[in-house]
Every structure is written in structure tokens, then in C-alpha cells.
Amino acid sequence: MSLRDKLLDCKQAWARAGRLLTGEPDPGRRERLPPGQRRVDSWPVLDLGVQPHVPTHAWRLAIDGAVAMPLELDWAAFMALPQVEHVSDVHCVTQWSRYNNRWQGVRTSVLLAMARPLPEARHAILHAHDGYTTNVALEHFAADDCLLAHSHDGAPLSREHGGPVRVVIPRLYFWKSPKWIKRIELSAVDQPGFWEVRGYHNVGDPWLEQRYG
Ligand SMILES: Nc1nc2c(c(=O)[nH]1)N[C@H]1C(S)=C(S)[C@@H](COP(=O)(O)O)O[C@H]1N2
Ligand SMILES: [Mo]
């Protein structure tokens, strides 16, 4: 095969894989900045115009639906769980990315291990205090880098950014990370959330530029 043919084959393979259009599909070789994003140093606030006030003494987290052991945790029980710190980048569908967010909280995998999803559980439906919902495949929600975070860069998470506790799912667009989380519902059936029913992508992988559709 001539060099030119090899180059053509290679380009064709890239085109099929969506490379150069949708970013690097191989997770091991990803660019840090997903396609179409620009880096910011500030931290924009995005919500539905309501920022619920949830004091820690009134805070509860429910994990229910398709689980063997439905749970309700209060603040003390949540803070008594193993705590981890994880640094990750935030990618918002409105095209800003914020690097090096140091989150502290509890891994979603720890909460799932306590609630024990039933075999039919495939989706996590996340419910927040402002009425916001979003849906995430259970395998994405259970990933090791997903947290329920109560602190950011060493300080308690502010109310505007979802305190006392928000979800953080670094590998999906940030609309998949609810602020003011109150309930994790596991389900056999997918239930598109607030933005998903308004045209956002059901999965939302930034490196595949799954913004809409
Ligand atoms: N409860 C709740 N969570 C939410 C939202 C919301 O409106 N309500 N907006 C989502 C969207 S679209 C984005 S981009 C991020 C914004 O988080 P931030 O305000 O901390 O930057 O929160 C996500 N989580
Ligand atoms: Mo967003």
C-alpha cells in the first residue's frame, strides 16, 4: 500500500470515529479541553432562578427505587461515611470549562453499596430541592470519580453552587450534576430530566460533544 493510500485509510478511520469533529474518542488519549469549550477562571452560577436554602440540620438524602435497602441519611450519617477528595474539571454545555476543582465528599459508589441496587436498576434519576431532575446511566453515576460533594477547594460548598451537598459527575456535562441533591432514585426505566426533555442530550459526554439531541 502506498503512503498516500495509508493516509487516506487513516483519515477515513478518523472520520468514522468522529475524530477532529467530535474530539478524541479514545479516553486514554483525550485532550483536556473538550471540543467547542473555552477555559474560564471564574465560576459561573447557573440554575432555574431559585437557590433553595437547606440548613444541614434539615438536610436528608434518600436513596430509593430499585434498591434492596432504601436509605435516608441525615447530615451526621452522611458525614460519618468515608470521605474522599477528588480534583476534576467542570465542563458546562454553555461552553465554559473550569479546571482543577477540588471536591470533597462521599463517593457515589459508597452510597450505592449501602443501598444495593437491584439487578434491574439501570438508571439513576437525581432529584434536587429546586425541582430540578436529571438522569444518568447507573454505570456512569457509579464511576469512581463521582461524588456527592459538600466542599469545594477546602470550603463548604456555597448555597449558590448547590450547598450543602451537590452531585459531581466529572465525565459528563455539568447539567448532569445536580445542586441541592435530595434524592437518588434508581430505576429500570429511564426518565429524562429537566433539560433532557427540553432538547439536551440524554447522555451528555463533552468529548463526544453530546450537547443536544
Ligand atoms: N438543582 C439544580 N442543579 C443544577 C442546575 C439547576 O438548575 N438546579 N443546573 C445545572 C446546570 S445547567 C449547570 S451548568 C450546573 C451549574 O453549576 P454551578 O452553578 O455550580 O456552576 O448545575 C447543574 N445542576
Ligand atoms: Mo449548564
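The values are calculated or read from the model by the stated rules, or taken from the named source; none is laboratory data. What you see is a predicted model; the values in this text were computed from it and never measured. Heads up, the Cβs are rebuilt from the backbone with ideal geometry, glycines too, and the neighbour counts pull from every protein chain shown. Each accessible area value is taken on the protein alone, full model and side chains, heavy atoms only, with ligands, DNA and RNA left out. Shrake-Rupley method; radii C 1.70, N 1.55, O 1.52, S 1.80 Å.
One residue stands out among those in region 180-213 that are in contact with a helix residue (DSSP H, G or I) (Cβ under 6 Å, 6 or more places away or on another chain) and closer than 12 Å to V93 by Cβ: the one that is surrounded by the fewest Cβ atoms within 10 Å (Cβ to Cβ), which is W195. The residues listed here are D41, D130, D47; of these, the one that is open to solvent by 70 Å² or more (accessible area, probe 1.4 Å), within 16 Å of ligand 1 (Cβ to nearest atom) and among the acidic types (D, E) is D41.
Kindly indicate whether M1 is at pLDDT below 95 and open to solvent by 60 Å² or more (accessible area, probe 1.4 Å). Answer is yes for this residue. Condition check for C92 on (1) more than 15 Å from K182 (Cβ to Cβ); (2) buried (at least 20 other Cβ atoms within 10 Å of the Cβ); (3) within 16 Å of ligand 2 (Cβ to nearest atom): one failure, at (2).
Determine if region 122-144 includes at least one residue that is farther than 23 Å from N202 by Cα, touching a Phe, Trp or Tyr at 6+ places or on another chain (Cβ under 9 Å) and hydrophobic (A, V, I, L, M, F, W, C). Within region 122-144, none of the residues are farther than 23 Å from N202 by Cα, touching a Phe, Trp or Tyr at 6+ places or on another chain (Cβ under 9 Å) and hydrophobic (A, V, I, L, M, F, W, C).
Report whether or not R98 is touching a strand residue (DSSP E or B) at 6+ places or on another chain (Cβ under 6 Å) and within 16 Å of ligand 2 (Cβ to nearest atom). Against the criterion (touching a strand residue (DSSP E or B) at 6+ places or on another chain (Cβ under 6 Å) and within 16 Å of ligand 2 (Cβ to nearest atom)), R98 qualifies. Before we move on, is H123 in contact with a Ser or Thr (Cβ under 6 Å, 6 or more places away or on another chain), open to solvent by 30 Å² or more (accessible area, probe 1.4 Å) and closer than 14 Å to L61 by Cα? The answer is no for H123.
Considered as a group, the residues in region 65-87 that are assigned to a strand (DSSP E or B) and open to solvent by 40 Å² or more (accessible area, probe 1.4 Å) include one that is nearest to Q104 (Cα to Cα), and that residue is E85. Among the residues of region 145-162, those identified as surrounded by fewer than 23 Cβ atoms within 10 Å (Cβ to Cβ) and assigned to a loop (DSSP other than H, G, I, E, B) are D145, D153, G154, L157, S158.
Within region 177-213, the residues that satisfy the criterion of being part of a loop (DSSP other than H, G, I, E, B) and charged (D, E, K, R) are K179, D190, D205, E209, R211.
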